[in-house]
Amino acid sequence: MKKYLCEFLGTCVLVLFGCGVAALTGANLVATSLAFGLSIIAVAYTIGKVSGCHVNPAVSFAMWIDKRISTKDWIGYTIAQVLGAIAGSGLLVLIFNSTTLTGLDGLGANGFGELVGSEITMLGALIVEIVLTFVFVLAVLGVTRDEKKENVAPVVIGLTLVLVHLLGITLTGTSVNPARSIGPAIFAGSEYLSQIWVFIVGPLVGAAFAALAIFFIDYEEEEEVEFKPVAKEDKVIMIEEKVEKKVEKVEKVEPKKEEKKEAKKTVKKQTGTKKAKPTKKVNKETKKLA
């Protein structure tokens with residue numbers, strides 16, 4: 001239950017700040033992009049260890065395809081995220097209604113055609129959402145695949161969300177998140193609700209492509225050799241083993257040397273004789289003659 005509550009709160013914060021800044025600044029490119037990206041970073045470091053901080057049905061869908069979450073969690077996450085987005089949008093309505101500001105009715109909702117300044121076509125909006133969601137979800141799957149990168153994962157994910165918003169805000173307002181689109185659309189009016197299917201189908205298709213693509217990317221890394229400090233007891237054991245090995249070698253070598261010496265001695269006894277000293281025979285007769 002804690003996981004679902006975290007997803008609810010995380011999505012609520014994302015919509016509150018991301019869509020709130022978009023509505024207040026007239027969807028300013030830099031401000032809105034940073035608002036969404038920084039919201040993800042803040043929320044990820046807060047609830048990441050509890051739920052994984054999906055705060056996006058498209059991300060949960062990709063995680064389910066990649067078999068990282070169960071079907072039960074996928075459904076529970078999605079419901080919690082949509083409810084969180086609705087709650088965040090409702091808070092924006094309460095805040096904006098307490099001011100004299102005008103032109104905030106859109107609440108940062110997504111759209112195409114006449115609802116957006118680019119007047120992008122329906123097909124164009126669908127393609128944009130598929131591509132942007134593919135890039136975003138692929139980054140999420142990639143950086144969360146390695147546990148060693150868990151400390152930097154929120155930053156990478158947040159910056160990737162900033163990146164896709166920089167391209168998509170002017171075109172569709174950038175959804176890449178069905179919950180983020182559903183929440184504002186409910187309060188923005190029927191025109192936005194009639195186009196909401198594009199911002200549900202597009203992100204889910206892009207997420208599915210990202211999950212399939214991850215299977216073809218090789219993440220295997222070479223095994224790193226860890227050098228651990230050797231304890232004194234281990235050092236003594238290692239030295240004793242080395243001494244034993246040297247003794248064994250000496251014991252094997254010495255008998256061979258003795259055998260060779262004995263073999264040489266036997267050969268000398270069998271074949272070798274003492275050389276007789278030459279004796280000078282004096283001819284007595286010659287001496288007399290001399």
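Read-outs throughout are calculated quantities, based only on the coordinates presented, and are distinct from any laboratory measurement. Computed from a predicted model, the values in this text were never measured in an experiment. Please note: Cβ atoms are built from the backbone with ideal geometry, for glycine as well, and neighbour counts cover all protein chains shown.
What the table shows:
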{"quantity": "Hydrodynamic radius of region 2-214 per Kirkwood, over alpha carbon pairs, in Å", "calculated": "16.6"}
{"quantity": "Across Lys2/Lys49; Lys3/Lys67; Lys2/Lys148; Lys2/Lys72, pairs whose alpha-carbon gap is larger than 20 Å", "calculated": "Lys2/Lys148"}
{"quantity": "Highest to lowest packing among 73-85, 151-163, 203-215, scored as the average C-beta count within 10 Å", "calculated": "73-85, 203-215, 151-163"}
{"quantity": "Relative packing of 14-22, 38-46, 93-101, which averages over residues the other C-beta atoms within 10 Å, highest first", "calculated": "14-22, 38-46, 93-101"}
{"quantity": "Whole-number percent relative contact order across region 34-91, with pairs defined as alpha carbons under 8 Å at least 6 apart", "calculated": "25"}
{"quantity": "For region 190-218 and region 45-77, distance of Cα centres in Å", "calculated": "15"}
